[in-house]
Amino acid sequence: MAKPVTYEHPLNERIRTFLRLELLFRQAKHFCAGESPWDSRATLGALMELLTVVSRSDLKTELLKELERNITTLKPLTDREDIDSEQLGNILHWLQRLTSVLHERGAQLGHEFRDNDFITSIRQRSSIPGGTCDFDLPVLQRWLHLPAAQRRQDQEEWLATLDPIRKSVELVLKLIRGSAEPTARLAEAGTYQHSLDPTLPFQLVRITLPGDSPWYPEVSGGKHRFSVRFLEPQDWSRAQPTKESVEFKLTCCLL
């Protein structure tokens, strides 16, 4: 049986940014393990996109707000008897530790790369389609021909500089995703509408379908209500809304 597929829809800009960072960190990790120059190019591509996101002046503030908000939400639960106090204590420890690390970093995340001429030269050319071609960046061409072990070590060192960001994003998203249980729902004639309690901090909507399902969801809406329309791709060139009723699992995550 095919593995179920989960589609996620963020309900605010902060979570949207965190999901993009998570994707880029996963891409970088995947290609960093490869040995070919093409793997190294893909790793650098993900790193350049990461640096573009983490260089935003508001990212550190957004990360700290989310970490501190989670601490405020979870700390009162330590006295409850139905809570695993050891697990909760471990979560609070990491939330507080990551908060401290981010407070100690410079005002702008990713500033460690400013004096790296190699990274800077690639960033300057990356906005141009094909801008990292051999004739544009002979220094990159030279680096790509270093032994795979040396390239991997360089890449791991560069990515390690962003570890506090990666760990913060991973922990926040893990807590959000684990904050609610999926429930079975039915989209009659392929459409579904749902209202959210505006007094609760809903952050993320997750829709799970069987892996062999012919449909995929298109979600629209915000923190008060959202609608889901299920579509079926036609030769992957276009998609048509289905008129069939679709069974799916819905998780409305709040923390």
Legend entry - region 1-137: C-alpha gyration tensor shape, a/c 1.5 cut-off, then a/b vs b/c: prolate
Legend entry - Leading residue at positive end of dipole, the chain (Cβ point charges), from CYS252, LEU102, ASN12: ASN12
Inset, instruction - Would you please give the residues with an amide H less than 5 Å from that of GLN203, counting only those at least 5 places away or on a separate chain, with H modeled from the backbone geometry? - result: CYS253, LEU254, LEU255
Inset, instruction - Can you find, among GLN141, LEU173, THR161, the residue farthest towards the positive end of the dipole of region 134-179? Put +1 on the C-beta of Lys and Arg, -1 on that of Asp and Glu. - result: LEU173
Legend entry - Mean separation of Cα contacts under 8 Å (6+ apart) over length of the chain, as relative contact order %: 26
Inset, instruction - Using R₀ = 45 Å, calculate the FRET efficiency as 1/(1 + (r/R₀)^6) where r is the Cβ-Cβ separation of GLU232 and PHE135; round to 0.05. - result: 0.50
Inset, instruction - Calculate, in nm to one decimal, what HIS30 and ILE83 gain on full extension: separation in residues at 0.36 nm each, minus their alpha carbon distance. - result: 15.5 nm
Inset, instruction - Could you calculate the contour length gain from GLU104 to HIS224, that is, 0.36 nm times the residue separation minus the distance between their Cα atoms, to one decimal place in nm? - result: 39.6 nm
Inset, instruction - Would you work out the charge dipole size for region 101-255 about its Cα centre, treating the Cβ of every Lys and Arg as +1 and the Cβ of every Asp and Glu as -1, and quote it to the nearest 20 debye? - result: 300
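Need the full-extension length gain, ASN12 to ARG97, defined as separation in residues times 0.36 nm minus the C-alpha distance. One decimal, nm.
Full extension from ASN12 to ARG97 adds 28.1 nm.
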Inset, instruction - Starting at the first residue of region 197-213, write each ³J(HN,Hα) from the Karplus equation 6.51 cos²θ - 1.76 cosθ + 1.60 with θ = phi - 60°, in whole Hz, x for Gly and Pro. - result: 5, x, 8, 10, x, 5, 10, 8, 10, 10, 10, 10, 10, x, x, 9, 5
Inset, instruction - Please give the FRET efficiency for LEU23 paired with LEU254, using the beta carbon to beta carbon distance and R0 = 30 Å, rounded to the nearest 0.05. - result: 0.85
Legend entry - Euclidean distance of C-alpha centroids, region 159-194 and region 32-79, integer Å: 15
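For region 180-254, give the magnitude of the charge dipole about the Cα centre (Cβ charges: +1 Lys/Arg, -1 Asp/Glu; no others), in debye to the nearest 20.
280
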Inset, instruction - Sort the following peptides by mean Cβ neighbour count (other Cβ atoms within 10 Å, averaged over residues), highest first: 77-83, 13-19. - result: 13-19, 77-83
Inset, instruction - Take each complete run of DSSP H in the chain, measure how far its Cα atoms stretch along the helix's own axis, and keep only those covering 24 Å or more with mean Kyte-Doolittle hydropathy at least -0.5; list them. - result: 13-32, 37-54, 85-104
Inset, instruction - Would you calculate the separation in nanometres between label points at LYS75 and THR191, each defined as 7 Å from the Cα along the Cα-to-beta-carbon direction? - result: 4.6
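Only the coordinates and a few stated rules stand behind these numbers; no lab work does. None of the values given here were measured: they were computed from a predicted structure. Ideal geometry is used to build each Cβ from the backbone, glycine not excepted, and the neighbour counts take in all protein chains shown.
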